[in-house]
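Undergrad: Here it is, the structure in full.
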Amino acid sequence: MKKVILISLFIPMLLSGFSQNDPNAKAILDKVSAKNKTYKTIRVNFTINTTTSQSDSKSVQKGSLLLKGDKYQIALPNNETSFDGKDVYNYLPEVKEVNITKPQSKAKKSDDFFISNPKDIFRIYEKDFKYKFIKETTIEGKGIYEIDLYPIDLQKKYSRIRLQIDKNSNQISSIKTFLKDGQHYLITFTKFVTNQEIPDSAFTFDKTKHPDVEIIDLRF
């Protein structure tokens, strides 16, 4: 009976402790957030490595990302998505087609946050997550912090996200998403340039440069 009572008291304490965000992780993430908010523009090159544990398959994609306030452009080998602050342009060069849509509401956003909402990629931890400091390590001579994010919404398709943060620059160097179906997405940032002038025209689709592309307007 005493054991049952002790266990019943101990379990709520464990749950309560996990519900608290790790203060060590918070201190590091606050520095990252403060640093990123000082940038007027960001240019990033990245690599996406996808692995599937069940079939042991792997794939690699390289791309680039432009950020300016709420505007973004994300370029991948087979498509380019831009948001000009009002509309989303999804350009598919292989089929010579561009779809124009309104941005998704928060309720409809995909679990693939990098594609559905890349403007928040360097501040995804600011809401909807609990976080925990894992360790400090060294990779290629650089001091790296590892922090895990756990979604508050347990219906998400992923169980956790691991951030690797450069200790000296206070910048996220990689993001690894662990999906519940066994797939892992690792986004590694290979080049990071800030406060470089980016024209607003970079975030929209210029049909005069692509006269042979079909424009499909889905804004309704």
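Read-outs: derived from the displayed coordinates by stated rules, not from any lab. Just so we're clear, the structure is a prediction, and the values are computed from it rather than from any experiment. Note: ideal-geometry Cβ built from the backbone for every residue, glycine included; neighbour counts use all protein chains shown.
Undergrad: What lysines does LYS35 reach when the alpha-carbon gap must be under 16 Å and sequence neighbours fewer than 8 apart in one chain are set aside?
TA: By straight Cα distance, LYS35 reaches LYS26, LYS68, LYS119, LYS167.
Undergrad: Say the dipole of the chain comes from +1 at the beta carbon of Lys and Arg and -1 at that of Asp and Glu; which of ILE42, PRO151, TYR89 then lies farthest toward its positive end?
TA: Checked the options; the winner is PRO151.
Undergrad: A further question on this structure: Relative to the longest principal axis of the chain, what angle (0 to 90°, nearest 10) does the C-alpha long axis of helix 2-19 take?
TA: Between helix and principal axis, roughly 30 degrees.
Undergrad: Return the single residue from PRO93, PRO199, PRO118 with maximal mean-square fluctuation; model: Gaussian network over the chain, springs between Cα atoms under 10 Å.
TA: Sorting by GNM fluctuation, first place goes to PRO199.
Undergrad: For the chain, restrict the atom set to alpha-carbon positions and state the Rg and Dmax in Å.
TA: Using the Cα atoms of the chain, the pair Rg, Dmax is 20.2, 79 Å.
Undergrad: Among ALA75, ALA27, ALA202, whose mean-square fluctuation peaks in a Gaussian network model of the chain (Cα, cutoff 10 Å)?
TA: Ranking ALA75, ALA27, ALA202 by mean-square fluctuation puts ALA27 first.
Undergrad: Within the chain, what is the longest stretch that has no GluC sites (Glu not before Pro) placed in a DSSP loop and near at most 10 other beta-carbon atoms within 10 Å?
TA: Details: sites that count: GLU94, GLU140, GLU197.
My reading of the result: 1-93 is the longest stretch.
Undergrad: Which whole-number percentage describes the relative contact order of the chain, with Cα contacts under 8 Å and a sequence gap of 6 or more? Working shown, then result.
TA: Details: 396 pairs, mean separation 51.9, N = 220.
The normalised contact order for the chain reaches 24 percent.
Undergrad: As I understand it, the value is the acute angle between the Cα axis of helix 23-36 and the longest principal axis of the Cα atoms of the chain; what does it come to in degrees, rounded to 10?
TA: Once rounded, the angle reads 20 degrees.
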